[in-house]
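Have a look at the structure below, then the notes.
The values are calculated or read from the model by the stated rules, or taken from the named source; none is laboratory data. All values reported here derive from a predicted model rather than from experimental measurement. Quick reminder, even Gly has a Cβ in these numbers, built from the backbone with ideal geometry, and neighbours come from all protein chains shown.
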Amino acid sequence: MLNYTLERNHGIILPNQNIGLDVSGDVARHVFVSHAHADHLPRDRYIHVYATQATARLMRARGFKGDVTELDFESPLELENARVTLYPAGHILGSAMVGIESDEGHTLYTGDYKTPPSPVTEGFSRPESVDYFITEATFPLPIYKWQPHEELFAEMREFAFKALKEGFTPVFLCYNLGKAQEVMHGLAPLGFTQQIHGAGYELCKIYDELGYDIGKFEPYSRDTVSDNRILITPSSSLDQPMLRNLKRKRVAYVSGWATHESRRTQLTIDKLFPLSDHIDFFELLDLCEALNPKMVYITHTPNPRVVSHYLSEKGIASRPLNMEGFDDD
């Protein structure tokens, strides 16, 4: 059995290897950060961590001041008690799953991940098999089965084009990091300038500099947002002057939670797009079956029992870990 401890519901420590996975502080000799969403970043912003180059850049843009040893994907790092390999997770730019080979066996920690991957990431790759699989299950029910990206992107472009043609500003509500850039990539073929909430603008520049097509973009401006622009902003903007003062607008909510029609009336919006940066229920089960681990540890989920039930039907043992997330979806 894997020897682990939970670090204040925020991350995982593997004491035998002296490794911390998305932990808050300097609680292990080697701390690995899977990606730059807030619920996976160290709360101690001055520690030494390992991460991919893109994650390091995004972390620094979000205020991290510590030292980052940048690792390439699928290039093993030899530590005193383990061999560590990062695999592209397909969640957001730079996101990595962490593979740890040691005397305990082969462990794969996902952080957050998506397969098929987001088109504005480095893709998705994994080991052939593992002994222990630590996986998120943000969407743990059979109702969560995602449409292909291109189908959703086509629907988004139709929504935006129609709104602009009729004199409305199309607004897409989505998290500033990862989801925003994915939406912008999907809308880029329209050729319209996209304005983004200020907190997301610097993050977009990193995507652009690293060669990802997110179209023409600029920071939000109250003076020009109505001039044939598309606006990308978090859901929190619904109650802010940015949207309250925008009289002619059509608003779309972009999230895996948009699967629920109730979100339309809860948020008073015009359109739901169930685009998620997380793995769906069926891909999760398929991946567990393909990896064939001795044990699946389920994290970041409101309902691990459903996942455990379906895994048990496939002969796969599992147990929940009490960890919760609060990022893009």
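Tabulated values for the structure
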| quantity | calculated |
| --- | --- |
| Sole residue being in contact (Cβ under 8 Å) with a residue 60 or more places away in the chain and in contact with a Gly (Cβ under 8 Å, 6 or more places away or on another chain), chosen from 127, 170 | 127 |
| In the range 158-174, residue surrounded by the most Cβ atoms within 10 Å (Cβ to Cβ) [restricted to those that are touching a strand residue (DSSP E or B) at 6+ places or on another chain (Cβ under 6 Å) and of a type outside the set (A, V, I, L, M)] | 174 |
| Residue among 38, 56 that is assigned by TED's automatic domain parsing to the domain that holds residue 19, within 15 Å of the chain's Cα centre (by Cα) and among the small types (Gly, Ala, Ser) | 38 |
| Every residue from the range 131-161 that is over 30 Å from residue 13 (Cα atoms), charged (D, E, K, R) and touching a residue at least 24 places away in the same chain (Cβ under 8 Å) | 145, 155, 157 |
| Residue 175, sole failed condition from (1) in a loop (DSSP other than H, G, I, E, B); (2) among the aromatic types (Phe, Trp, Tyr); (3) in the same structural domain as residue 297 (by TED's automatic domain parsing) | (3) |
| Pair list, Cβ < 7 Å and 6+ apart or interchain, from the range 197-223 residues that are more than 12 Å from residue 178 (Cα to Cα) and assigned by TED's automatic domain parsing to the domain that holds residue 53 to residues that are polar (S, T, N, Q) and modelled with pLDDT under 95 | none |
| Residue list for the range 24-80, restricted to those being assigned to a loop (DSSP other than H, G, I, E, B), among the aliphatic types (A, V, I, L, M), in contact with a Leu (Cβ under 9 Å, 6 or more places away or on another chain) and touching a residue at least 60 places away in the same chain (Cβ under 8 Å) | 36 |
| Test: residue in the range 96-108 that is in contact with a Gly (Cβ under 8 Å, 6 or more places away or on another chain), without any contact (Cβ under 8 Å) to a residue 60 or more places away in the chain and either over 25 Å from residue 176 (Cβ atoms) or in the same structural domain as residue 305 (by TED's automatic domain parsing) (or both) | yes |
| One residue from 182, 155 being surrounded by fewer than 18 Cβ atoms within 10 Å (Cβ to Cβ), among the acidic types (Asp, Glu) and part of a helix (DSSP H, G or I) | 155 |
| Selected residue [in contact with a strand residue (DSSP E or B) (Cβ under 9 Å, 6 or more places away or on another chain) and surrounded by 20 or more Cβ atoms within 10 Å (Cβ to Cβ)] from 284, 267 | 284 |
| Any helices (runs of 4 or more DSSP H) falling wholly within the range 229-329 and containing at least 1 residues that are of a type in the set (Val, Ile, Thr), in the same structural domain as residue 13 (by TED's automatic domain parsing) and farther than 16 Å from residue 179 by Cα | 304-313 |
| Residue 69, sole failed condition from (1) within 21 Å of residue 134 (Cα to Cα); (2) touching a strand residue (DSSP E or B) at 6+ places or on another chain (Cβ under 6 Å); (3) among the hydroxyl-bearing types (Ser, Thr, Tyr) | (1) |
| Single residue of the range 1-23 satisfying the filter (in contact (Cβ under 8 Å) with a residue 60 or more places away in the chain and under 21 Å from residue 72 (Cβ atoms)) that is farthest from the chain's Cα centre (by Cα) | 17 |
